[in-house]
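Okay, so here's the structure we're looking at.
The values are calculated or read from the model by the stated rules, or taken from the named source; none is laboratory data. This structure is a prediction, so every number in the text was calculated from the model and none was measured. Quick reminder, even Gly has a Cβ in these numbers, built from the backbone with ideal geometry, and neighbours come from all protein chains shown.
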Amino acid sequence: MRFNHSVRLSVIGALLALMLVVPVSSFAGVFISVGFGPPALPVYVQPPCPAVGYIWTPGYWAYGPNGYYWVPGTWVPAPQPGLLWTPGYWGWGGSAFFWHAGYWGPTIGFYGGINYGYGYGGVGYQGGYWRNGGFYYNRSVNNISSVHVTNVYNTTVVNNVTVNHVSYNGGQGGIQARPTTAEQTAARQTHYAPTTLQARQETMAASNRQLWASENHGRPAIAATSKPGEFSGRGVVAAKAAGAPYKAPAERATEAKANNTVPRPGNNAPRPGTTNSSMATTHNNSVPRPPQNVGKTASPRIENTARPAAVPRPTNSASENMSRPGNVPRPETAPKPSAQHASAPPRPQNPPRTQAESRPAPRPETREEGHPKER
């Protein structure tokens with residue numbers, strides 16, 4: 001861990017424009033970056049809403065002198081009607097993970113694509129909305145069983161993203177999400193810092209040894225509370241399980257150095273590598289296919305072009321049709337006229353035969369037969 005103070009305030013301003021969010025620690029004048037990502041989000045049940053006007057703020061992993069610690073999720077009254085809570089998130093910045101704090105605003109902004117649950121599925125918020133100064137709760141998402149709420153509705157939330165408990169964006173194994181157009185618009189709107197109740201929740205969590213990741217191994221005993229700052233009583237909910245097998249900080253730091261540093265800092269090294277390899281496999285698989293397909297399509301074309309060239313029958317049938325249209329329905333008689341056509345040249349020899357039969361020459365000999373009269 002390293003803390004960068006006012007010396008890097010100018011860098012913070014540039015990162016604000018790029019990351020589209022306001023770091024929580026910037027309100028205290030401290031910008032936090034860590035060399036390895038936080039543990040997975042624990043699995044827990046949402047405690048009941050304490051009163052009308054409270055909005056759910058999911059739990060998250062913060063970082064302090066003792067490493068990562070869990071800040072329990074809790075119900076918080078909105079600073080003013082019309083404001084919604086955008087959760088904070090850890091994001092890979094090329095050389096380390098940076099914390100981008102949550103904030104209040106008129107619309108939900110980008111929170112890293114992290115699936116915090118209970119309306120925060122990674123994009124937007126499906127837990128409720130403001131109308132005419134009142135907050136309407138979605139029964140299918142919120143636990144409002146212990147309070148009388150009249151502004152309610154039921155809408156089933158369909159999650160189209162992969163359900164997991166990853167708690168950071170980018171880097172080795174992180175969520176590969178980018179801000180949408182609506183989230184970019186939300187980043188340019190007026191933001192409000194976390195309330196004093198939220199700041200108290202985080203301060204109390206940092207001093208509670210049960211919430212340190214090194215102690216609870218990703219399964220905190222206080223996963224959520226009904227009200228901020230109340231870490232005991234009926235409103236406290238313990239985690240049912242860790243979101244993933246816990247890894248010690250030393251092991252996570254070693255993995256981070258191997259996967260998130262120099263090789264591909266700005267492009268989330270592991271994912272682009274896998275995408276490039278997948279693209280390479282698809283490219284290698286697709287390259288031989290076109291020539292095979294071309295060969296397959298070309299061979300029948302060659303056969304088709306060869307068949308009409310090798311078969312003279314259509315031309316003969318055409319000549320037969322031209323010579324004897326009346327004999328068209330008789331294909332078997334076609335060769336006979338061809339033989340006659342072949343014998344067409346000797347037809348001039350037929351006149352002698354007809355002359356032999358008619359014998360026109362002897363007719364002048366009849367004049368000789370008239371000689372007996374002279375005799």
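Numbers at a glance
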| quantity | calculated |
| --- | --- |
| Conditions (1) more than 30 Å from residue 36 (Cβ to Cβ); (2) in contact with a strand residue (DSSP E or B) (Cβ under 6 Å, 6 or more places away or on another chain); number of the one not met by residue 146 | (2) |
| The one condition in (1) free of Cβ contacts under 8 Å to residues at least 40 places away in the same chain; (2) assigned to a loop (DSSP other than H, G, I, E, B) that residue 136 fails to fulfil | (2) |
| Qualifying residue in region 243-253 (condition: assigned to a helix (DSSP H, G or I), under 34 Å from the mean Cα position of the chain (by Cα), surrounded by 13 or more Cβ atoms within 10 Å (Cβ to Cβ) and not small (Gly, Ala, Ser)) | yes |
| Single residue of region 73-126 satisfying the filter (aliphatic (A, V, I, L, M) and in a loop (DSSP other than H, G, I, E, B)) that is farthest from the chain's Cα centre (by Cα) | 78 |
| Count of residues meeting criterion [touching a residue at least 60 places away in the same chain (Cβ under 8 Å), more than 23 Å from residue 59 (Cα to Cα) and part of a loop (DSSP other than H, G, I, E, B)] in region 179-195 | 3 |
| Conditions (1) in contact with a helix residue (DSSP H, G or I) (Cβ under 7 Å, 6 or more places away or on another chain); (2) loosely packed, with under 14 Cβ neighbours inside 10 Å: number failed by residue 228 | (2) |
| Meets criteria (modelled with pLDDT of 95 or more, closer than 20 Å to residue 45 by Cα, touching a Gly at 6+ places or on another chain (Cβ under 9 Å) and in a helix (DSSP H, G or I)) for residue 198 | yes |
| Residue match in region 82-105 (condition: over 30 Å from residue 252 (Cβ atoms), in contact with a His (Cβ under 6 Å, 6 or more places away or on another chain) and either surrounded by 15 or more Cβ atoms within 10 Å (Cβ to Cβ) or in contact (Cβ under 8 Å) with a residue 24 or more places away in the chain (or both)) | yes |
